[in-house]
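What follows is calculated from the coordinates using simple rules that are stated; it is not laboratory data. Computed from a predicted structure; not experimentally measured. Cβ atoms come from the backbone with ideal geometry, glycine included; neighbour counts cover every protein chain shown.
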Amino acid sequence: MLLAIVSLLGGFVLLIKGADWLVEGASSIAQRLGLSDLMIGLTVVSFGTSAPELIVNIIASFQDNAGIAIGNVVGSNISNTLLILGITAIIAPLAVQRSTIIKEIPFMLLASVTLMIMANDMIVDGYAISELSRSDGMAFLGFFIVFMYYTFGLKNKEVQENGHTKPRLSLWKAWGLFAIGLSGLVLGGKLAVDGAINIATLFGMSETLIGLTIVALGTSLPELAASIVAARKGKADIAIGNIVGSNIFNIFWILGISAIIKPLPFEPIINFDLLIVILSTIMLFVLIHNGHLHRRLFLWWKQEKGYVLNKTEGVYLLSAYVFYIGYIIYRDITISIT
């Protein structure tokens, strides 16, 4: 237990510091190459902060731990949207670009709906079992290529003018800092997840619950650290792009690779959690729009003129996550008793 706690705390330290370096390096790269913060958040930062999920899922696939592999992605997407965006918005209001609302968030919703359809072979096709097959994995990778093609086509005209600051680092130093930060995130994520799994196992939690909670939260810590650091540094596009990009990466890239390595049996009980992934995406979309409309109608004197995810919306998202975690713990206890 003591070793697990030390591993967990050491992982947290590496995650926080690694996130600081990664965001600083990624922001400097964006400025040096003339790329938008949103594009960097959707690609470079998302890929880096999704590295722990990728590592955990590859290991879980080879070890036939489908519950952890699928639960990790589903739980990570829920915690990314409800927990991480909730905490980040409470700490610092996040300005959301219109393109994110009408393009990237709907693409994130498409990824969630596609996963639910492809995972339910028993319901959709009438098969004897449900699984994410190798062909499903290939289809996911196809969607991922489409997403990357779109992302690299983002125009710099979408960059907000106040998002341009003079880069403090040379391009080589920025890449070096990014690489060091990424290494810290990967190592910190592994230490935190290993410690969390050992602690959870000692308390008799099920594999699916471990995947949906401890592993998902542990592998989402890089996103949490990176988004908070980015928000505090005034890089809202990196914070938002990191979460949206990570959720898309998790389904199309990580589950795609995992299913190709070995087909993943799907437990019908996870359908509720998949529904939460879809509803949380819709909730995010509605909160941003309603908050925008409310500010235009009643708070027009405030400086927040565009689409902003502020403290109020953050509290709603965080509260939804608390209720969700409470329910799945109750569900696991009920199943274990019966």
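With a threshold of 19 Å on the Cα-Cα distance, the over-threshold entries among Lys17/Lys311; Lys190/Lys233; Lys103/Lys233; Lys17/Lys233; Lys17/Lys173; Lys233/Lys311 are Lys17/Lys311; Lys190/Lys233; Lys103/Lys233.
The residue among Thr208, Ile335, Leu110 whose Cα reaches farthest toward the positive pole of the charge dipole of the stretch 2-337, with charges on the beta-carbon of Lys, Arg, Asp and Glu, is Leu110. The mean sequence distance of close C-alpha pairs (under 8 Å, at least 6 residues apart), as a share of the length of the chain, puts its relative contact order at 42 percent.
For the chain, hydrophobic long helices are taken as DSSP H runs at least 20 Å long by C-alpha position along their axis with mean Kyte-Doolittle hydropathy of 0.0 or more; these are 2-33, 105-119, 134-151, 171-202, 216-232, 271-298, 311-337.
Relative to the Cα centre, the charge distribution of the chain, modelled as +1 at Lys and Arg Cβ and -1 at Asp and Glu Cβ, gives a dipole magnitude of about 1440 debye. Of the chymotrypsin sites (Phe, Trp or Tyr not before Pro) in the stretch 197-295, the ones in a loop by DSSP (not H, G, I, E or B) with at most 14 other beta carbons within 10 Å are Phe203. Packing, as the average of other Cβ atoms within 10 Å across residues, places the peptides 117-124, 52-59 in the order 52-59, 117-124, highest first.
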